[in-house]
């Protein structure tokens, strides 16, 4: 029996499409899980809201489906947010079949029942260290959105608050209670 070669680089990960949800973290493959129905529904609705703001203004691209972003090299790290926004001037002109090089301007993580707090926080810190300007962590259970702009600038928004795009998406706003169905 032949043991497959371990995946330790972004290129190897790109060439292994049948792995299911996974990320590469400092050269180590981390198997993920699929999103819950609720997380998927929230992701779809929030992506529509973001795209409805971004596309008419030609601000960039809203990405869904866990787009791979290579945020470190040697050892490689490829993370995949639930939703990403990339400013227009940062969209690659070619090689759109590969991973985005660098972090998106906005990364959105939507919690599912299987997510561990320590893993989510590690991912948020990876995004910020890689240059992501804002990370939203959406929690369907508490109906909150945690907004990370840096390691020390963190706001937790509740149903009574309004989520804004800050300096990443100036003018975008959405009442937090509209993010959560029912």
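Quick one: compute a quarter of the convex hull surface over the Cα atoms of the range 41-88 and quote it in nm². Kindly include the intermediate steps, with their values, before the conclusion.
On the way: hull surface 13.9 nm².
Average projection, Cα convex hull of the range 41-88: 3.5 nm².
Look at 129, 38, 141 and count the other Cβ atoms within 10 Å of each Cβ; fewest to most, that gives 141, 129, 38. Scoring 11-17, 61-67 by mean Cβ neighbours within 10 Å over their residues and listing the highest first yields 61-67, 11-17. Taken along its three principal axes, the alpha carbon spread of the range 1-43 comes to 40, 25, 14 Å, from the longest extent down to the shortest.
Expected output is a single nm value to one decimal: the length gained when fully extending between residue 11 and residue 48, i.e. 0.36 nm times separation in residues minus the C-alpha distance. What is it? Write out the running numbers ahead of the final one.
On the way: separation 37, 0.36 × 37 = 13.32 nm, distance 3.08 nm.
That pair, residue 11 and residue 48, stretches by 10.2 nm at full extension.
Working note: 222 nm ellipticity from helices only, DSSP H runs with n ≥ 4, each -39,500 (n - 2.57), summed and divided by the residues of the chain, gives -7000 deg cm²/dmol to the nearest 500. Relative intensity of the chain on a log10 scale, I(q)/I(0) at q = 0.08, 0.18, 0.19 Å⁻¹, equals -0.25, -1.25, -1.39, per a Debye sum over C-alpha point scatterers of equal strength in the absence of solvent.
Would you mind checking the tilt of helix 37-57 against the longest principal axis of the Cα atoms of the chain, expressed as 0 to 90 degrees and rounded to 10? Here the helix axis deviates by roughly 70 degrees.
Each residue in 118, 146 was given a count of other beta-carbon atoms within 10 angstrom of its own, and listing them fewest first yields 118, 146.
Spin-label model, residue 26 to residue 90: label points 7 Å out along the Cα-to-beta-carbon direction sit 2.3 nm apart.
Mind pulling the angle between the C-alpha long axis of helix 117-129 and the longest principal axis of the chain? Nearest 10 degrees, somewhere in 0 to 90. Tilt relative to the chain: about 90 degrees. Residue 114 to residue 37: extension gain in nm, 0.36 nm per residue of separation minus the Cα-Cα distance? Stretched out fully, the residue 114 to residue 37 stretch lengthens by 26.5 nm.
Bear in mind that the values in this text are calculations on the coordinates, not laboratory data. The structure presented is a predicted model; accordingly, all values stated were derived computationally and were not measured. No Cβ is skipped: glycine too gets one built from the backbone with ideal geometry, and neighbour counts run over all protein chains shown.
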